[in-house]
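See structure below.
The values are calculated or read from the model by the stated rules, or taken from the named source; none is laboratory data. Here the structure is a predicted model, which is why all the values come from computation and not from measurement. Using ideal geometry, Cβ is built from the backbone for each residue, glycine included, and neighbour counts are taken over all protein chains shown.
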Amino acid sequence: MTTPHDPGHAAANAPSDPLGPAAASDGAPGSGDPAILAMQEAARRHLWLHFTRMSSYADGEVPVIVRGSGQYVYDQKGKRYLDGLSGLFVSQIGHGRKEVAEAGALQGSELAYFPLWSYAHPRAIELAERLASLAPGDLNRVFFTTSGSEAVESAWKLAKQYFKAVGEPARYKVLSRDIAYHGTSMGALAITGLPSIKEPFEPLPPGGVRVPNTNFYRAPGFVADDLAGFGRWAADEIERAILREGPESVAAVFLEPVQNSGGCFPPPPGYFARVREICDRYGVILVSDEVICAFGRLGYYFGSQRYNYEPDIITFAKGVTSGYAPLGGMMVSDRLMEPFSAGTATFLHGVTFAGHPVSSAVALANLDVFEQEDLLGNVRANEAAFRATLEKLHDLPIVGDVRGDGYFYGIELVKDKATRETFSDDESERLLRGFLSQAVFDAGLICRADDRGDPVIQLAPPLTCGPEHFAEMEQILRSVLTEAWSRI
Ligand SMILES: Cc1ncc(COP(=O)(O)O)c(C=O)c1O
């Protein structure tokens, strides 16, 4: 994964700030400001950034974002950036919403903390009821966590304990797709399909099995011109994997509605219907990992609603609070809850801060904003314009594919458009880490240049964005990608 900012290759060749003088506010502090220098020094000395080569910042500036407003965030010097990634697929309602922050503050003064171990509190109850009313099918039970990794971890643990409870104790394996990211804790990492971020932590918990993803741009030759056929093949690979492993040993399949890692792979038509059929045939639990795809990212509260399938479990996090406080969880079907509803049965799992009162209050206020401003409607009304604006980039020789749905897009970069040849590791290193990440940031756009699969630029802006923001993203990317091509 690339860092968003690689000061080793700072600005000399980056395009000038497209936002012009407005990008830096008048009287804004410059790099020599003592407060900025002190914070930079403290960051370099004490803070450990996630998935980041810390050496990149040994001599360069750490990007410090100090505030946000609407679709934009601002750094220490007052420079403005369009938040084209919603932070990290989180800030659905945008930044600086006082009413949501105040809902958290009010809850903090009333009851800042009480656990969900044996007790309940009003905001967790209200939120669980509200989420159940929004979810597909009979996903009526909410188990809260604090993050997406914990949600994924919880879903696997529930699947294992459920099968022990119903007399199928040999079921423990989990299927997931190549290059898919499902989190970093040991269990979630075992489900994650990215070899490079797993290798340092092997051996991981056993039972993770990979199946193909739905990257149609890189589909095998025999289905390369047949999207539905490709979808059928990719779904049937799940059946083949279940049969290969032995159905009596398989507990669950974990799939995102649109796979993020690799650069936004939407499901081909018919894919999820077929997967649902296969899971039912072999008694395997279908987990829809919607840590990114829920809460409006695809124009629906849940991604599974967009593609019309009913999972047995939905995992969520990120957008449930739009990041105003941390929260995650899983929504579970009545069937999976049943063995835990009677007698002495207990799901032997929990974390201290799960369903935190402040986070729950914030989530309720976040969902109020969704309703008051019809954010799902905004995504549905504007997604065609978003796609059309990004597709303009197709005229650039470096742009191989533009794909996604809703407000969730990946732009795959290629060395040769005709043959779809990708970049070598070395070229990718120079292009993404050495130039693109820094140049896009310098040009005033937060997005992600990711090379965990083939190199892609990823975009997932706040759900409040409209055509003017799409145009701004396109213009910045056009300028930076044109420059990138000239350097190859
Ligand atoms: C699909 C998916 N699952 C799980 C996770 C892990 O979530 P977290 O970073 O909150 O632990 C992520 C994070 O991006 C994700 O995209």
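Quick look at the numbers
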| read-out | value |
| --- | --- |
| Of all residues making up region 183-200, the number that are crowded, with 22+ Cβ neighbours inside 10 Å and within 16 Å of His50 (Cα to Cα) | 2 |
| Leading residue by the ranking (farthest from Phe89 (Cα to Cα)) among those in region 326-353 that are buried (at least 24 other Cβ atoms within 10 Å of the Cβ) and within 13 Å of the ligand (Cβ to nearest atom) | Met330 |
| Subset of region 288-313 [within 11 Å of the ligand (Cβ to nearest atom), in contact (Cβ under 8 Å) with a residue 40 or more places away in the chain and in contact with a helix residue (DSSP H, G or I) (Cβ under 9 Å, 6 or more places away or on another chain)] | Asp289, Val291, Ile292, Cys293, Arg297 |
| Criterion (away from the ligand (no atom under 16 Å from the Cβ), at pLDDT 95 or above and not assigned by TED's automatic domain parsing to the domain that holds His50) met by exactly one of Arg177, Arg171 | Arg171 |
| Total residues in region 440-488, condition over 23 Å from the mean Cα position of the chain (by Cα), of a type in the set (A, V, I, L, M, F, W, C) and buried (at least 20 other Cβ atoms within 10 Å of the Cβ) | 4 |
| Yes/no for Ile179 being under 25 Å from Ala294 (Cβ atoms) and free of Cβ contacts under 8 Å to residues at least 24 places away in the same chain | no |
| Residue in region 234-255 that is more than 30 Å from Val166 (Cα to Cα), of a type in the set (Lys, Arg) and outside any loop (DSSP other than H, G, I, E, B) present | no |
| Residues of region 199-219 classified as farther than 17 Å from Val287 by Cβ and within 14 Å of the ligand (Cβ to nearest atom), total | 0 |
| Every residue from region 256-275 that is assigned to a loop (DSSP other than H, G, I, E, B) and within 16 Å of the ligand (Cβ to nearest atom) | Glu256, Pro257, Val258, Asn260, Ser261, Gly262, Gly263, Cys264, Pro266, Pro267 |
| Strands (runs of 3 or more DSSP E) enclosed by region 383-488 - at least 1 residues per element that are of a type in the set (Asp, Glu) | 399-405, 408-413, 448-450 |
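Residue-wise test of (1) free of Cβ contacts under 8 Å to residues at least 24 places away in the same chain; (2) not charged (D, E, K, R).
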| site | (1), (2) |
| --- | --- |
| Phe114 | no, yes |
| Arg123 | no, no |
| Leu139 | no, yes |
| Gly148 | no, yes |
| Lys157 | no, no |
| Lys198 | yes, no |
| Phe201 | yes, yes |
| Leu204 | yes, yes |
